[in-house]
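One structure below.
The values are calculated or read from the model by the stated rules, or taken from the named source; none is laboratory data. The shown structure was predicted, so the numbers you read here are calculated from the model rather than taken from an experiment. Every residue, glycine among them, receives a Cβ derived from its backbone with ideal geometry; neighbour counts consider all protein chains shown.
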Amino acid sequence: MSISEAVDAAEAPGAGQLVVETTAGALRGTVRHDSHAWLGVPFAQPPVGELKWRAPQPVSPWEGVREATAYGPAAVQLSRFDPTAPPYDRDSEDCLYLNVFAPAAPAPSPRPVLVWIHGGGFVFGTGADYDGSVLAERGDVVVVTLNYRLSSWGFLHLAGVDPSVADSNVGVRDQVAALQWVRDNIAAFGGDPSRVTIVGESAGGMSVGTLLGVPAARGLFHGAVLLSGSAADQQDAATGTAAAKALLARLGIPETEPGRIRDVPLAELRAATEELAHAGGHDGRQGIPFVPVVDGDLIPYVPLAAVADGAVADVPLLVACCRDEMAIFTFMAEDNPITRSLEERTGPQAWTELLRRYEQFEPEGAAVGGNPRKTLLGDAMFVMPSIRVAEAQVRAGGKAWMHRFDHQPPMEPYNMLGPTHAADIPCLWSREPSFDLCSLSGEPADGFMDMSEADKAASAALQDAVLSLVRDGRPSLPGGPEWPAYDEKTRPQMLITAQPELAHDPTGERREAWEGITG
């Protein structure tokens, strides 16, 4: 039976729009709120067996109509930074699935496309954590959420030990493969493949920043949003190779036979990866030893340098942070691998001088309840790298806009910590009149929480900021202040609250302290 015959046979009254043809076969979706959704769509072959640590391969075609009404498994997960939490039991090495959400109402022309890359420190998370119908309906766009291989499954630099047994950066290659799938198939879902914006937060934001410097991704996206992400936090190849060798040693595998890692059972590999993460990883990445590597191949050089060279000068960027990024990282001791790494990268003398200057700033400038050390860490990890992305884009002749999320959501832990890291996520992905706590945690029992009027207004502002860039190539807030592009003279940033306001160089005192420092 041909695909078209299968589609005809599958159609029933009211179901026609739910069956679409892709390059691999026909899919039947489902209804979600006022959207149509196609869930658990494979975009590559399962990366199992000999395909572990290999670039994703094209998905095998199927006959008939494939049901796309349930999410696929998540990538193999490590701890969600909570040792008391039960183990995540919905993950698998067979994880390369994406989800498509499109408004049910017909559109006169193809819709812009928002591709969401989830965060989670490159150790946890899944596209299924996010209900794409929220933004699809509010913005009249097509939304794609995706999985990619995580931790040692996605970012083990085995190619640095022996390039014949593995490809590098397979987690990033998964993201590129998903974008190629979007290019080839999104028109069937009503999307416009020439108007694709990639959006990510935390590790997802870093993924977006990384993709800015990946030649293989050029032309696959036309806008980018980095939420608490960076284009300069990748590992160098030597560090990535050292981390790979450390994991092989924990598994008892000689460096001369790295391919034997394919025979290690999942549970054993997960345990060894957890042990390495808890030991501090490499390059000071406590809990995150495996991240994208500047391999000279997929990622030729540091993506921030690619931005500075004008590689994405034609791609509008929205770059953002939360006001008190580090408040949530209360588990970090004063002396920890991340602090030591940042101090080494910055230079001990420069770090000491920075801390001295931060201790002199007013509490408002120090943020995080006036804790200068936490503010310095947050600036080193998130705020200053974000500013550098915007600066590099502007200097290369491109356009960038910046915002800072200043609203405090009501659920834990934000009700205690304020607008800290990831506080923008519940506002970006919930619909009035309530926050969807299930979508945020992945746990169905978590339910919903009512939004206050301030929550509704701040959420609307954040959603409008992101969606306007997706639709129009520049952010704007209906009824809000004019939002100029970033420049190095006035340094405008929109402060996202229930009543957004435009600020100029709101972290200027701290930014000036970092001038001339590359850490």
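Values for this structure:
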{"item": "Residues satisfying the stated conditions in region 408-422, i.e. buried (at least 18 other Cβ atoms within 10 Å of the Cβ) and either under 17 Å from Val134 (Cβ atoms) or of a type in the set (S, T, N, Q) (or both)", "result": "Gln408, Pro409, Thr420, Ala422"}
{"item": "Any hit, region 381-401, residues being buried (at least 22 other Cβ atoms within 10 Å of the Cβ), touching a residue at least 12 places away in the same chain (Cβ under 8 Å) and in contact with a Gly (Cβ under 7 Å, 6 or more places away or on another chain)", "result": "yes"}
{"item": "Count of region 118-144 residues which are among the β-branched types (Val, Ile, Thr), under 14 Å from Val466 (Cα atoms) and buried (at least 24 other Cβ atoms within 10 Å of the Cβ)", "result": "3"}
{"item": "2 or more residues modelled with pLDDT of 95 or more and under 21 Å from the mean Cα position of the chain (by Cα): qualifying helices (runs of 4 or more DSSP H) within region 323-440", "result": "384-395, 424-429"}
{"item": "In region 289-304, residue surrounded by the most Cβ atoms within 10 Å (Cβ to Cβ) [restricted to those that are outside any helix (DSSP H, G or I) and of a type outside the set (A, V, I, L, M)]", "result": "Pro289"}
{"item": "Only listed residue being of a type outside the set (A, V, I, L, M), within 23 Å of Thr22 (Cα to Cα), surrounded by fewer than 23 Cβ atoms within 10 Å (Cβ to Cβ) and touching a Gly at 6+ places or on another chain (Cβ under 7 Å), chosen from Pro106, Pro110", "result": "Pro110"}
